[in-house]
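Here the structure is laid out as structure tokens; the discussion comes afterwards.
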Amino acid sequence: MRSSRVLRLIAAREMKARLRNRPFLIGNAVTMAVILGLILILPRIIGDDPLPLGLVNSEGVTPAIENVSETLDVEIDLQRFDSIEAAEAALEADEVVGVLVDGVELVVLEELNPDLAFIVTAASADVRFAGRIEAAGVSEDQAALIGRPDQPISVRSLVEPEQLDEDEGFFGGMGAASAGVVLLFMAINLYGNTVLTGVVEEKTSRVVEVVLATVRPWQMMAGKLLGLGLLGLAQLGLLIGLGLIAATVSDLVEVTGEALLASGWVVIWFILGFALFSTVYAMGGAMASRAEEAQSAAIPIALIVLSGYFAAFVVVLPEPESTLATVLSVIPLFAPFTMPALIALGKAAVWQIVLSVVLTMVSTVLIVGLAGRIYAGAILQSGERVKLRQALRSSRDVIGG
Amino acid sequence: MLRLDNLAKQYGEVTALDGVSFDVKPGNLLGFLGPNGAGKTTAMRSIFGLVALDGGQVLIDGHRVEPADRLTFGYMPEQRGLYTAMKVGEQLTYFGTLHGMSRASAARSADVLLEEMGLSDRIGSKVEQLSHGNQQRVQLAAALVHDPNLLVLDEPFSGLDPIGVTSMENILRERAGRGTAVMFSSHQLDLVEGLCDEVVIINKGRLALHGNMEDLRERSRRRRLEVALGVAAADWEPGIVGVDVVKRSANRVFLSVPVDVDLAAILASASTAGIVGAFTFEPPTLSQMFKAAVGIDDLSAIEVDADPSEAGLQ
């Protein structure tokens, strides 16, 4: 029988088994719901709340205030009060940040919010200017000629403020980079552990002996990794897709080409990272003899994955242009987390990406060779925990057969 | 025909197999016997490439067994193993497809097998929901679903109740009758005796006895002799060289004698001791041959028909 058919059969069984496993489904659904929820809620939490401004007998200024705040892109929440007392009570209760009385007096609790000061001053100036023009009997055309400076003062900064491009939003730049790294970490960790427990289950239930009577160990491992990898890919794709749709529909951010590109890189790095780490997880599972041992086998692997994750968050995201970040983003075991972060930040040169992908693929080939041998040597040994050298020695037992 | 050719395997200090050779012929039922640790499981696993031999080879129809050949083999390992969360029908279908069957024909074969085993109503149950006996049946079905030409079963009777034993015997007989080469290991010697055409006994990795069951009996250099002697059974001694008393019951004496023994002399000796009610001369049982082959002194064995799980098999 051709290997491709064997791999397909095994992969299909793996996928079906997970898709029918209720705890697996529920766990993943909850994870996805949490991530989607964060994507939808975080910008609201992080984003600026509208400024609550109390109004007492200031209807005349209201349209001007709305005008100015819209121009400045500062959301303002106007609340009307019948009496100064009521407005001041609201001020003391922190329900409003200021109260405009009779269109001329701004009452604040302690400190004046600078945005509010600017909006109210400008709006009040607008209203008074319009009143004077009318009193002077100047026509609207003439008034337009005289004009009133659009911007009362010109602002000049000595230090260039950080560029916060509108179109980068949550999915571009820092947000995309962090989200990508978190997604990659969760996906690789989750599916790596699924591989590990799956292998241990097959080993402890001894079904491996029945399967390996017809199938070669490498086929059994590759089929499992293929099935679970595809499942992981589907879940990641679904998650990214839902995230992008949710973001678009809720109109929180604009989904741009950059966002799609960053998502594409996350998918590519999941494939690279899963290929790199999953055989190591499979090896860990094969060496354990009980489920409890599998957990301790998983610790060193989890530490390596975690190191990459932290390298991305501690070094690459804050200082993408540092030498350390450049180095970390091409080191194979770190690259699946550090490189996508660098790419999402727009700081990865083409040569860096190519180098990092090539190094990751080369080390994957080496690791698959070694881990595959250990898997084959350890998977059929029951009893106590299998030692590395012992597994390597007995790998010749079954690898060829 | 499967040929195990001069198999050798060493595990550190332990010699598991040391030059074992024998054939398993189509249509034959071969009982594979030996004390625990004799190397039976190692030999069976080597057929499936689950053990790398240090020497020798496994041949099928004259050529070395290749992965493609194993598609036509069926294996029931000593330690049973199934996907516990998988449904019975799907599991059998899966194992059928792994042996190269199409999904449809594997599913059909699974249906037929489950029907035969009286498990049709459990086709949609998960394996973990089945009783131990039914799990054993499904395990056997997993080895049979692709209608193998060679069936290798490691301790298929262990843990089965008498009904399960009978049904297993029937299935093995039926498969052999259809031309399948069947090989199984067991410690239940009386069961093997009634079922098998051929036996192989190995001990400490070496072949101790091999042949057709009837031939072996005839070829055996010793015979069983049972003498009913009434009360005299308690203290009669035949007093003839080579004749050993194996056991005494209230009114019978059980002897192990050389095949060419002078029966008349024994009968004469018995007659002087008491009234001989019965005098039965028989080929040895498989159990006796087994003990002789693995070097357990027949005299030290308390009972001729000892439960094989007790007498010296550990």
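The values are calculated or read from the model by the stated rules, or taken from the named source; none is laboratory data. Model, not experiment: these values are computed from the prediction. When we count neighbours, we look across all protein chains shown, and the Cβ atoms used for this are built from the backbone with ideal geometry, even at glycine. Just the protein is used for accessible areas: all its heavy atoms, side chains included, with ligands, DNA and RNA removed. Shrake-Rupley method; radii C 1.70, N 1.55, O 1.52, S 1.80 Å.
Screening A:Leu184, A:Leu230, A:Leu190 for residues that are more than 10 Å from chain B (Cβ to nearest Cβ), modelled with pLDDT of 90 or more and surrounded by fewer than 19 Cβ atoms within 10 Å (Cβ to Cβ) leaves exactly one candidate, A:Leu230.
Given A:Val280, A:Val207, which one is away from every other protein chain (no Cβ under 14 Å) and either closer than 22 Å to A:Ile353 by Cα or open to solvent by less than 60 Å² (accessible area, probe 1.4 Å) (or both)?
Details: A:Val207 fails: away from every other protein chain (no Cβ under 14 Å).
Answer to the selection: A:Val280.
Checking each residue in segment A:18-34 for being without any contact (Cβ under 8 Å) to a residue 24 or more places away in the chain and farther than 18 Å from A:Met186 by Cβ picks out A:Arg20, A:Asn21, A:Arg22. When segment B:254-293 is filtered for residues that are in a strand (DSSP E or B) and either closer than 11 Å to B:Arg224 by Cβ or open to solvent by 50 Å² or more (accessible area, probe 1.4 Å) (or both), the ones remaining, listed by number, are B:Phe254, B:Leu255, B:Ser256, B:Val257, B:Phe279, B:Thr280, B:Phe281, B:Glu282. Looking only at segment B:244-266, residues that are within 12 Å of B:Leu229 (Cα to Cα) and without any contact (Cβ under 8 Å) to a residue 24 or more places away in the chain come to 3 in all.
When residues in segment B:52-105 are screened for being hydrophobic (A, V, I, L, M, F, W, C), open to solvent by 20 Å² or more (accessible area, probe 1.4 Å), more than 9 Å from chain A (Cβ to nearest Cβ) and part of a helix (DSSP H, G or I), 1 of them pass. When segment B:274-314 is filtered for residues that are of a type outside the set (Gly, Ala, Ser), farther than 15 Å from B:Glu193 by Cβ and at pLDDT below 85, the ones remaining, listed by number, are B:Val294, B:Ile296, B:Asp297, B:Asp298, B:Leu299, B:Ile302, B:Glu303, B:Glu310, B:Leu313, B:Gln314.
Please list, ordered by residue number, the helices (runs of 4 or more DSSP H) wholly in segment A:259-367 having 3 or more residues that are of a type outside the set (Val, Ile, Thr) and touching a residue at least 60 places away in the same chain (Cβ under 8 Å).
Values: elements: A:291-310, A:323-328, A:335-344.
Here the list reads A:291-310, A:335-344.
Here B:Gly12, B:Gly19, B:Gly27 are screened, and the one residue that is without any contact (Cβ under 8 Å) to a residue 40 or more places away in the chain and open to solvent by 10 Å² or more (accessible area, probe 1.4 Å) is B:Gly12. Does B:Val112 qualify as being assigned to a strand (DSSP E or B) and β-branched (Val, Ile, Thr)? No.
Open to solvent by 30 Å² or more (accessible area, probe 1.4 Å) and either free of Cβ contacts under 8 Å to residues at least 40 places away in the same chain or within 14 Å of chain A (Cβ to nearest Cβ) (or both): does that describe B:Ala143? Let's see the steps before the verdict.
Values: open to solvent by 30 Å² or more (accessible area, probe 1.4 Å): no; either free of Cβ contacts under 8 Å to residues at least 40 places away in the same chain or within 14 Å of chain A (Cβ to nearest Cβ) (or both): yes.
Spelling it out, it is not the case that B:Ala143 is open to solvent by 30 Å² or more (accessible area, probe 1.4 Å) and either free of Cβ contacts under 8 Å to residues at least 40 places away in the same chain or within 14 Å of chain A (Cβ to nearest Cβ) (or both).
Here the strands (runs of 3 or more DSSP E) wholly within segment A:9-128 that include at least 2 residues being over 21 Å from A:Leu239 (Cβ atoms) and out of contact with any helix residue (DSSP H, G or I) (no Cβ under 7 Å at 6 or more places or on another chain) are A:76-81. Within segment A:105-136, the set of residues being open to solvent by 60 Å² or more (accessible area, probe 1.4 Å) and farther than 30 Å from A:Leu91 by Cα comprises A:Arg132, A:Glu134, A:Ala135, A:Ala136. Here is the figure for segment A:4-42: residues that are under 24 Å from B:Asp69 (Cα atoms), in contact with a Lys or Arg (Cβ under 8 Å, 6 or more places away or on another chain) and more than 10 Å from chain B (Cβ to nearest Cβ) total 1.
Could you pull out the residue among A:Ile367, A:Ile379, A:Ile374 that is open to solvent by less than 40 Å² (accessible area, probe 1.4 Å) and either modelled with pLDDT of 90 or more or more than 14 Å from chain B (Cβ to nearest Cβ) (or both)?
Details: A:Ile367 fails: open to solvent by less than 40 Å² (accessible area, probe 1.4 Å); A:Ile379 fails: either modelled with pLDDT of 90 or more or more than 14 Å from chain B (Cβ to nearest Cβ) (or both).
Being open to solvent by less than 40 Å² (accessible area, probe 1.4 Å) and either modelled with pLDDT of 90 or more or more than 14 Å from chain B (Cβ to nearest Cβ) (or both) holds for just one of A:Ile367, A:Ile379, A:Ile374, which is A:Ile374.
For segment B:212-231, give me each residue that is outside any loop (DSSP other than H, G, I, E, B) and surrounded by 17 or more Cβ atoms within 10 Å (Cβ to Cβ). Listed by number, the residues that qualify are B:Met213, B:Leu216, B:Arg217, B:Arg222, B:Arg223, B:Arg224, B:Leu225, B:Glu226, B:Val227, B:Ala228. The sole residue among B:Arg137, B:Arg108, B:Arg175 that is charged (D, E, K, R), away from every other protein chain (no Cβ under 14 Å) and in contact with a strand residue (DSSP E or B) (Cβ under 8 Å, 6 or more places away or on another chain) is B:Arg175.
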